[in-house]
Amino acid sequence: MFEILFKQESDGEYLQQCLKMHGISSGLHKTTFQNQLFYQVSFKEAVMGKIQDVVKELIINKKRKEWASYYLFDYFYYDDEGEHEHVLQIVLEMFLGEREELVSLLNQWDEDSFIQGAIEGLIGGNGPISFDSFVKFRLKEYQNRIIQYVEIAIDEYKMEQDYQMFIQTLREYIFEKEGKIKSVHVYLLDHKSIFYSDELKEMKRDELISKLDKRLFINHPLYIDSVTIAPLLSLAPKKIYLYTSKEENGLVRTIKNIFEERVEILPGPYLLEKLKESTKDVVNE
């Protein structure tokens, strides 16, 4: 028989469930080893080939989240439940590859290969194996990686909070501001934005600058985009027709977050067709 010892009963139970899913029968019972209480999972050595995958499942699906949560609480003192869960979710998204822009801040690293290599050294020895000792000595680099992810996630969370406060402030600004124009059409290109009035007449840059509310740059000098967002805030239109092929663009998301139901997203070619029709009408007149 082969035995793996755990200090936490829940770890032993989880491993046993993983073994069962792989069609491997096992036993779980309390035992004393080196004068300490452990929970021992035992199984036949004949299935050793599958144990590496099962232990990896335990680490990735259960322990990774627990360790991140522990560091977040014990090292960085995030004891507010809401904040704790929010940051923890960012960490997990980083591990799942959903936050590549954050993961790229660190050196490239293959989690799966690292864990696999560490586990290969775990299997094959004589006598029972202590999972907690394995974690302490063979997964130290992995623990450090989790701490780095937590640090980055905390910074990201703080930035997200600042962003939400910024958005809320601008929402209040446009709510209180009297609009200077009924609606506006904005054609978003890679390096510039072209504004058109409700009558589809282009609003030149000088005209937009003359309408800017200078208070925006005094109160939010680092955040306000002077090319697109500042003119929109200053005009405070009841309706914004935004023409773009990149709905997930950061600028588009910010405009949608600020102006909410006032924004309607349309494809760029649709505006071009409307401009052609408008030009024909002028010629016919």
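Only the coordinates and a few stated rules stand behind these numbers; no lab work does. Everything numeric in this text was worked out from a predicted model, so none of it was measured. Cβ atoms come from the backbone with ideal geometry, glycine included; neighbour counts cover every protein chain shown.
Observations, loosely collected:
- Cβ-Cβ FRET estimate between Asn35 and Asp79, R0 fixed at 30 Å, reported to 0.05: 0.35
- Between 0 and 90 degrees, the angle of helix 268-284 with respect to the longest Cα principal axis of the chain falls at about 10 degrees.
- Considering only Gln164, Val55, Gln34, and ranking their Cα positions along the charge dipole of the chain that arises from unit charges at the beta-carbon of Lys, Arg, Asp and Glu, the one farthest toward the positive end is Gln164.
- When the pairs Lys204/Lys274; Lys158/Lys239; Lys192/Lys276; Lys177/Lys276; Lys62/Lys256; Lys201/Lys238 are compared against a 29 Å limit on Cα-Cα distance, Lys158/Lys239; Lys177/Lys276; Lys62/Lys256 fall above it.
- Residues Glu101, Glu3, Glu160 arranged by fewest to most Cβ contacts within 10 Å: Glu101, Glu160, Glu3
- Only Lys, Arg (+1) and Asp, Glu (-1) charged, at Cβ; the chain dipole about Cα centre in debye: 260
- Angle of helix 111-122 to the longest C-alpha principal axis of the chain, folded into 0 to 90 degrees and rounded to 10: 10°.
- Environment charge at Ser26 (Cβ cut-off 9 Å; Lys +1, Arg +1, Asp -1, Glu -1): +2
- Anisotropy class of region 55-137 from Cα gyration tensor, a/c 1.5 cut: oblate
- Relative to the dominant Cα principal axis of the chain, helix 48-58 is inclined by about 40°.
- Given the choices [x] 93, 39, 29; [y] 75, 53, 35; [z] 49, 47, 33, Cα extents along the principal axes in Å derived from the coordinates of this structure is entry [x].
- Put a plus charge on the Cβ of each Lys and Arg, a minus charge on the Cβ of each Asp and Glu, and nothing anywhere else: the dipole of region 2-170 about its Cα centre is then about 1020 debye.
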